[in-house]
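Structure first, then comments.
Every number here is computed from the coordinates shown, using simple stated rules; none is lab data. Quick caveat: nothing in here was measured; it's all calculated off a predicted structure. Cβ placement follows ideal geometry from the backbone for every residue including glycine, while neighbour counts extend to all protein chains displayed.
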Amino acid sequence: MMPMHQDGLHALCQALVQLLAPFCEVIVHDIETETVVDVYGNHSTREIGEPSFLEDLKIEDWSGDVQGPYRKTEPDGRAIKSTSILIRDENGNRTQVICINVDVSKFEAARVLLSGLVAVPDNEPNLLANDWLEKLHLFVANWTIDRGIHLKDLQSKDRKKLVQELERNGVFKQRNAAQAIAKALGVSRATIYQDLRE
């Protein structure tokens, strides 16, 4: 991929979000610091400066600079269709990863008519086979659905049960797990640690 000036990347990200609004967001990750450095059209509540969890994308195994589309799941159960792009500097060094995320949950009811938009090709690699963050989101979504609870209506007693169940399943052994769980549940890391203690 030819290097692109940062101003050009900024304009491209804005254009994508405007073209596909309100369903699209673009997240820019810095490879060196492994943090989020820019967010456009945010619908996943990602924030600048938070961990990127780039290890889950296994960039070193990519066969090219563009990967996807592949499916992800938000903690509230929304289906997301994503593509990731590797950005290089003028010397060919990997500097950033741009993730384009499209919320396709609104189209699920029209799956037959919109199958070309929603479907993920069978021959694409499963980038998230070992993605613990994806598994966390699926676990949270299924846990709340099984109990008839909407994530935004989760009470403290239910949250404690969920956090403790995540701990029993070994999720807290992952790097930055507390921050990821807090983000998924919409609370602070301190609250997550308190839930573990009780």
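Which net charge results when you count Lys and Arg as +1 and Asp and Glu as -1 among the other residues whose beta-carbon is under 14 Å from that of Glu74? Net of charged neighbours comes to +3.
With 27 Å as the limit, the listed pairs Lys81/Lys152; Lys157/Lys183; Lys135/Lys160; Lys72/Lys183; Lys106/Lys152; Lys106/Lys173 have Lys106/Lys173 beyond it between alpha carbons. Each helix, a run of at least 4 DSSP H residues, gives -39500 (n - 2.57); summed and divided by the residues of the chain, these come to -9500 deg cm²/dmol at 222 nm. Neighbour counts of C-beta atoms inside 10 Å place Ser156, Ser44 in the sequence Ser156, Ser44, starting with the fewest. Per-residue 3J(HN,Hα) values for segment 132-137, derived from phi via the Karplus relation 6.51 cos²θ - 1.76 cosθ + 1.60 with θ = phi - 60°, read 5, 5, 4, 5, 4, 4 Hz in sequence order (x marks Gly and Pro). Ordering of 11-18, 65-72 by packing is 65-72, 11-18, highest average first (other Cβ atoms within 10 Å, averaged per residue).
Please arrange Tyr193, Tyr40 by counting, for each residue, the other beta carbons lying within 10 Å of its beta carbon, fewest first. The partial results should precede the final answer.
Details: Tyr193 13, Tyr40 19.
With the fewest neighbours first, Tyr193, Tyr40 line up as Tyr193, Tyr40.
Principal-axis analysis of the Cα atoms of the chain puts helix 156-168 at an angle of about 70° to the longest axis.
When the chain is described by a simple charge dipole with +1 on each Lys and Arg Cβ and -1 on each Asp and Glu Cβ, the residue from Gln155, Trp62, Cys13 located farthest towards its positive end is Gln155.
Spin-label pair Thr33-Asp89: with each label point 7 Å from Cα along the Cα-Cβ axis, the two points sit 1.5 nm from one another.
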